[in-house]
Amino acid sequence: MPPDPLPAAPPFPIDVALVVDDHPLFCDALSITLRAAARIPRVETADSLAAALERLGQGGIGLVVLDLNLPDVSGLDGLIRLRRVAGDVPVLVVSSLADGRVVAGAMQAGAAGFVPKHSQRDMFRRAIEAVAEGRTFLPEDIVLPSASTPCAPGREDAIRRLRQLTRQQARILELICEGRLNKQIAWELSIADATVKAHVTAIMRKLGVQTRTQAVLMAREVSFASLLREGGDGH
């Protein structure tokens with residue numbers, strides 16, 4: 001018997017996909033899946049958020065496939081920062097952490113879809129077809145939290161505000177979360193102290209906070225620990 005034909009290509013073909021994951025074996029396996037199941041001829045890889053942002057800045061990417069667990073980012077912050085640079089390029093999150101709260105947070109942060117990491121090829125094909133058409137994609141068995149879930153309103157507001165930051169402001173906030181002082185941030189980014197101060201002022205204004213500590217707490221609202229927290233008041 002002749003072999004089964006390959007699935008049809010998405011209606012809006014994607015020429016180049018970027019897989020962002022720090023596990024080489026998974027990158028290789030997913031690259032094969034994207035070529036075979038979605039007919040994407042070229043698949044590039046990045047093992048960190050920094051590498052992904054650099055590659056996106058060069059243009060030519062039609063789809064980003066993002067793992068939320070990266071060595072240089074925590075929680076949804078990487079997705080928020082990547083979406084800012086990606087522009088119209090859809091971002092499909094592929095993660096082993098398929099809890100409904102994480103999925104809901106990823107969609108709120110701008111993901112075009114979510115696929116559990118070890119899904120079958122057919123699910124990847126359907127996901128890519130959906131995002132290529134401008135639709136969102138979620139597996140049928142994913143159960144999203146209700147609007148009454150504790151911490152959801154605060155998290156939604158944090159995601160909305162964090163998405164307003166520029167790429168440089170997001171990087172500065174990341175360094176603030178690491179405990180860096182303005183002079184240290186200026187040295188790290190090779191910019192003037194006054195420029196850092198201006199960015200910090202703009203960051204706090206966009207986040208609607210008065211202190212650096214409050215800014216850090218808001219950034220932590222999109223961490224995995226916060227997303228998976230049950231009960232409590234969210235602080």
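The values are calculated or read from the model by the stated rules, or taken from the named source; none is laboratory data. Since this is a predicted model, take the numbers as computed values, not measurements. Cβ placement follows ideal geometry from the backbone for every residue including glycine, while neighbour counts extend to all protein chains displayed.
Among the conditions (1) in contact (Cβ under 8 Å) with a residue 12 or more places away in the chain; (2) assigned to a loop (DSSP other than H, G, I, E, B); (3) surrounded by fewer than 21 Cβ atoms within 10 Å (Cβ to Cβ); (4) not basic (Lys, Arg), Gly179 misses just one, which is (1). Condition test on Arg83, is it in contact with a Gly (Cβ under 7 Å, 6 or more places away or on another chain) and either over 21 Å from Leu175 (Cα atoms) or in contact (Cβ under 8 Å) with a residue 60 or more places away in the chain (or both)? Answer is yes for this residue.
Among the residues of the stretch 95-114, just one is among the β-branched types (Val, Ile, Thr) and buried (at least 23 other Cβ atoms within 10 Å of the Cβ), namely Val103. Taken together, Ala225, Ala132, Ala127, Ala147 contain a single residue that is among the small types (Gly, Ala, Ser), modelled with pLDDT under 80 and touching a Pro at 6+ places or on another chain (Cβ under 9 Å), which is Ala147. Contact map, the stretch 207-219: first residue β-branched (Val, Ile, Thr), second residue not in a loop (DSSP other than H, G, I, E, B), Cβ cut-off under 7 Å, separation 6 or more or different chains; pairs are Val209/Ala215; Val209/Met218; Val216/Ile176; Val216/Cys177.
Contact map, the stretch 136-150: first residue under 29 Å from Asp88 (Cβ atoms), second residue among the polar types (S, T, N, Q) and at pLDDT 60 or above, Cβ cut-off under 9 Å, separation 6 or more or different chains; pairs are Pro139/Ser119. Right, Pro90: in contact with a Ser or Thr (Cβ under 7 Å, 6 or more places away or on another chain) and touching a residue at least 40 places away in the same chain (Cβ under 8 Å) or not? Criteria not met by Pro90.
Residue-by-condition table, conditions (1) within 12 Å of the chain's Cα centre (by Cα); (2) modelled with pLDDT under 95; (3) farther than 27 Å from Arg126 by Cβ:
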residue: Gly62; (1), (2), (3): no, yes, no
residue: Leu70; (1), (2), (3): yes, yes, no
residue: Ser74; (1), (2), (3): yes, yes, yes
residue: Val94; (1), (2), (3): yes, yes, no
residue: Leu97; (1), (2), (3): no, yes, no
